[in-house]
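**Student:** Attaching a single structure in structure tokens format; questions to follow.
The values are calculated or read from the model by the stated rules, or taken from the named source; none is laboratory data. Computed from a predicted structure; not experimentally measured. Every residue, glycine as well, gets a Cβ built from its backbone with ideal geometry; the counts of neighbours run over all protein chains shown.
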Amino acid sequence: MKDDTIAAISTAHGRGAVALIRMSGKESLKICQTVFKSKEGLEERKAIYGIVDTGSLKDDVIAVFYPSPRSYTGEDVVEIFCHGSTVITENILRTLIKKGARYAQRGEFTRRAFENGKLTLSESEGIIDLIDAQSESAARAAYNLASGKLKEKTKEITDAIKNLTANLNAVLDYPEEDLETDGYEECLEKCREIIKKTERLTDTYESGKKANEGVCVVIAGRPNVGKSTLLNALVGFERAIVTSQAGTTRDTVEGSYVYGGVLFKVTDTAGVRDDYDNEAERMGIQRSFDAVKGADIVLVLDDLNVETAAEKLYIRTKCDENKSDDGRFAVSGKTGENIEELKKIIFDKVGVNTGGEVLLTNLRQFDALTKCKLALERAADGLKENIDAELVTVDLLEALSAAGSVDGASATAEVVDGIFSRFCVGK
Ligand SMILES: Nc1nc2c(ncn2[C@@H]2O[C@H](COP(=O)(O)OP(=O)(O)OP(=O)(O)O)[C@@H](O)[C@H]2O)c(=O)[nH]1
Ligand SMILES: [Mg+2]
């Protein structure tokens, strides 16, 4: 437990009906009592009505005291719900600081929860993802993390690796019992099972990333085919400039929409042509090629040869005017014809998993479990070739450490710092 008591405004900055000021640490009750007055005293986990009097301001508030360890951070926590004016919240916070609390840093409450064993690293990531969620799929994936679903899965993996290591060491300890070959085969089978389990998790990353961060859709094509008009139709407002002149868009232009609970981030690009007007257009076209490379799906609006590993969807534009059916899906950005249908086609094509299943949502989790899987594969190769059990154990311990880092057991301080720096103040 830390010695100091931290305080912050936990609600968003600005005007609101109610705001929350949170304090955590040994002195939080004492500090709160210097400004909070009520008929009944603060009781464990009970909402108490009273007045905050800071000397310069008064407000009617509700305060709740959560004694350690039954609190978010695991320390003594007090929450004060006051009226949501920044004048009031800042005045109360300043007073709490004068009385001995310290301004909390970004994510410091959650970091304390992590350090006090109330939350693991992947659960903490779930909480920040929940706060940042821009779509239902992101919120669902985040909740699965925050509620410990990934923690359970990785614990199954670390437990199985520990068992396997113990098994192998039994072979090591009693070689005279002629266990070696039998033991090795059994161990190999177990190792393969753990590899499969790990792989089932790493396989969810593609989908989890899209659910969490959104799907990257890029519109590409030759000048004047209607790319910017299509962007505007997809996002529902005049995001990009449209003119009848070829070469209107000179830079990438981003917008977004939500379909089926998933966020789609759309990039409109400069039309590709060899006889560009000037340096700005040339650079814009280069950006079009770069955008296409980083896409999850590219909407190709004409016969442009697009080099990308992403899904491609060939589209015929201006179908209100151009009636010649060439087999491509036809839309009109101008009249809105087939725009909803196009959104559905894109949604189906990228196949984001929006169900209740646990998904890896960030590169850190994916890297850790991939490292675990690779170390397990080396261990399996060693077992197959009957190499020294001690050498196999080295790989197993590496796999254990990699899987353990998902939830923090073996994560480096740098990684932990990186995660909590993504939080806002007050969480
Ligand atoms: N009739 C009709 N005209 C369209 C449609 N979409 C675009 N246009 C027209 O085609 C012209 C070019 O449209 P833009 O959306 O600017 O085309 P672009 O592909 O973004 O062009 P650049 O930015 O120059 O590469 C404009 O005059 C639009 O009004 C459509 O669906 N139907
Ligand atoms: Mg354009």
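**Student:** Out of the residues in segment 133-151 meeting the condition of being free of Cβ contacts under 8 Å to residues at least 40 places away in the same chain and part of a helix (DSSP H, G or I), tell me which one is surrounded by the most Cβ atoms within 10 Å (Cβ to Cβ).
**Tutor:** Ala146
Yes/no per residue for (1) of a type in the set (S, T, N, Q); (2) farther than 30 Å from Gln33 by Cα; (3) within 20 Å of the chain's Cα centre (by Cα):
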{"site": "Pro67", "(1), (2), (3)": "no, no, no"}
{"site": "Arg102", "(1), (2), (3)": "no, no, no"}
{"site": "Ser124", "(1), (2), (3)": "yes, yes, yes"}
{"site": "Ala139", "(1), (2), (3)": "no, yes, yes"}
{"site": "Asn144", "(1), (2), (3)": "yes, yes, yes"}
{"site": "Ser147", "(1), (2), (3)": "yes, yes, yes"}
{"site": "Asn163", "(1), (2), (3)": "yes, yes, no"}
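**Student:** Now a separate question. For segment 316-334, what are the residues that are within 11 Å of ligand 1 (Cβ to nearest atom) and either under 21 Å from Val350 (Cα atoms) or touching a helix residue (DSSP H, G or I) at 6+ places or on another chain (Cβ under 9 Å) (or both)? Please lay out each step first, then the result.
**Tutor:** Taking segment 316-334 as the starting set, the residues that turn out to be within 11 Å of ligand 1 (Cβ to nearest atom) are 316-322, 330-334.
Hits for segment 316-334 are Arg316, Thr317, Lys318, Ala330, Val331, Ser332, Gly333, Lys334.
**Student:** Can you spot a residue in segment 287-295 that is closer than 30 Å to Ile131 by Cβ and surrounded by fewer than 20 Cβ atoms within 10 Å (Cβ to Cβ)? Quick ask: steps written out before the conclusion?
**Tutor:** Within segment 287-295, the subset closer than 30 Å to Ile131 by Cβ is 291, 294-295.
Pick out the ones that are also surrounded by fewer than 20 Cβ atoms within 10 Å (Cβ to Cβ) and you get 294.
Within segment 287-295, one or more residues are closer than 30 Å to Ile131 by Cβ and surrounded by fewer than 20 Cβ atoms within 10 Å (Cβ to Cβ).
**Student:** All but one of (1) in contact (Cβ under 8 Å) with a residue 24 or more places away in the chain; (2) more than 25 Å from Thr158 (Cα to Cα); (3) away from ligand 1 (no atom under 11 Å from the Cβ) hold for Gly271; which doesn't?
**Tutor:** If we test Gly271 against (1) in contact (Cβ under 8 Å) with a residue 24 or more places away in the chain; (2) more than 25 Å from Thr158 (Cα to Cα); (3) away from ligand 1 (no atom under 11 Å from the Cβ), just (3) comes out false.
**Student:** Every residue in segment 1-41 that is of a type in the set (A, V, I, L, M) and either over 14 Å from Phe81 (Cα atoms) or at pLDDT below 95 (or both), please.
**Tutor:** Residues of segment 1-41 of a type in the set (A, V, I, L, M): 1, 6-9, 12, 17-21, 23, 29, 31, 35.
Those that are of a type in the set (A, V, I, L, M) and either over 14 Å from Phe81 (Cα atoms) or at pLDDT below 95 (or both): Met1, Ile6, Ala12, Leu29, Ile31.
**Student:** May I pose another question? Suppose we keep only residues that are at pLDDT 95 or above and part of a loop (DSSP other than H, G, I, E, B) within segment 43-66. Which one would you say is surrounded by the most Cβ atoms within 10 Å (Cβ to Cβ)?
**Tutor:** Applying the filter and picking the extreme gives Thr54.
**Student:** For the structure I just gave you, tell me whether Glu254 is surrounded by fewer than 21 Cβ atoms within 10 Å (Cβ to Cβ), in a strand (DSSP E or B) and not basic (Lys, Arg). Step through it out loud before you land on a result.
**Tutor:** Details: surrounded by fewer than 21 Cβ atoms within 10 Å (Cβ to Cβ): yes; in a strand (DSSP E or B): yes; not basic (Lys, Arg): yes.
Judged against the criteria, Glu254 is a match.
**Student:** Go through (1) at pLDDT 95 or above; (2) farther than 30 Å from Arg140 by Cα for Leu383 and report which single condition fails.
**Tutor:** (1)
**Student:** Which residues, taken from segment 312-348, are within 16 Å of ligand 2 (Cβ to nearest atom) and in a loop (DSSP other than H, G, I, E, B)? Don't jump to the end; show me each part of the working.
**Tutor:** Step one: of segment 312-348, the residues within 16 Å of ligand 2 (Cβ to nearest atom) are 315, 317-318, 331-334.
Once the filter is applied, which keeps residues that are within 16 Å of ligand 2 (Cβ to nearest atom) and in a loop (DSSP other than H, G, I, E, B), segment 312-348 yields Thr317, Lys318, Val331, Ser332, Gly333, Lys334.
**Student:** If I go through segment 399-418 residue by residue, how many of them are in contact with a Leu (Cβ under 9 Å, 6 or more places away or on another chain), in a helix (DSSP H, G or I) and either without any contact (Cβ under 8 Å) to a residue 40 or more places away in the chain or buried (at least 22 other Cβ atoms within 10 Å of the Cβ) (or both)?
**Tutor:** Here is the first cut: in segment 399-418, the ones in contact with a Leu (Cβ under 9 Å, 6 or more places away or on another chain) are 399, 402-403, 405-411, 415-416.
Checking the rest, the ones that are also in a helix (DSSP H, G or I) come to 399, 402-403, 405-406, 415-416.
This time we only want the ones that are either without any contact (Cβ under 8 Å) to a residue 40 or more places away in the chain or buried (at least 22 other Cβ atoms within 10 Å of the Cβ) (or both), so: 399, 402-403, 405-406.
Selection size over segment 399-418: 5.
**Student:** Out of all the residues in segment 240-290, which are away from ligand 2 (no atom under 11 Å from the Cβ), in contact with a Lys or Arg (Cβ under 7 Å, 6 or more places away or on another chain) and among the polar types (S, T, N, Q)?
**Tutor:** Ser256, the sole residue that qualifies.
**Student:** Looking at Ala309, Ala280, which one is assigned to a helix (DSSP H, G or I), surrounded by fewer than 20 Cβ atoms within 10 Å (Cβ to Cβ) and at pLDDT below 95?
**Tutor:** Values: Ala309 fails: assigned to a helix (DSSP H, G or I).
Just a single option satisfies the conditions, and that option is Ala280.
**Student:** Restricting attention to segment 340-385, report how many residues are of a type in the set (A, V, I, L, M, F, W, C), farther than 29 Å from Ser122 by Cα and surrounded by 20 or more Cβ atoms within 10 Å (Cβ to Cβ). Please lay out each step first, then the result.
**Tutor:** Just the residues of segment 340-385 that are of a type in the set (A, V, I, L, M, F, W, C), to begin with: 342, 345-347, 350, 352, 358-360, 363, 366, 368-369, 372, 374-376, 379-380, 383.
Filter again for farther than 29 Å from Ser122 by Cα, leaving 342, 345-346, 383.
If we keep only those that are surrounded by 20 or more Cβ atoms within 10 Å (Cβ to Cβ) too, we end up with 342, 346, 383.
Of the residues in segment 340-385, 3 are of a type in the set (A, V, I, L, M, F, W, C), farther than 29 Å from Ser122 by Cα and surrounded by 20 or more Cβ atoms within 10 Å (Cβ to Cβ).
**Student:** Only one of these is at pLDDT 95 or above, out of contact with any Leu (no Cβ under 6 Å at 6 or more places or on another chain) and either crowded, with 24+ Cβ neighbours inside 10 Å or assigned by TED's automatic domain parsing to the domain that holds Glu341 (or both): Leu231, Leu201. Name it.
**Tutor:** Leu231
Okay, residues lined up against (1) in contact (Cβ under 8 Å) with a residue 24 or more places away in the chain; (2) of a type in the set (Phe, Trp, Tyr); (3) out of contact with any strand residue (DSSP E or B) (no Cβ under 8 Å at 6 or more places or on another chain):
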| site | (1), (2), (3) |
| --- | --- |
| Glu238 | no, no, yes |
| Thr249 | yes, no, no |
| Gly255 | yes, no, no |
| Glu279 | no, no, yes |
| Asp296 | yes, no, no |
| Ala309 | no, no, yes |
| Ile315 | yes, no, no |
| Gly336 | yes, no, yes |
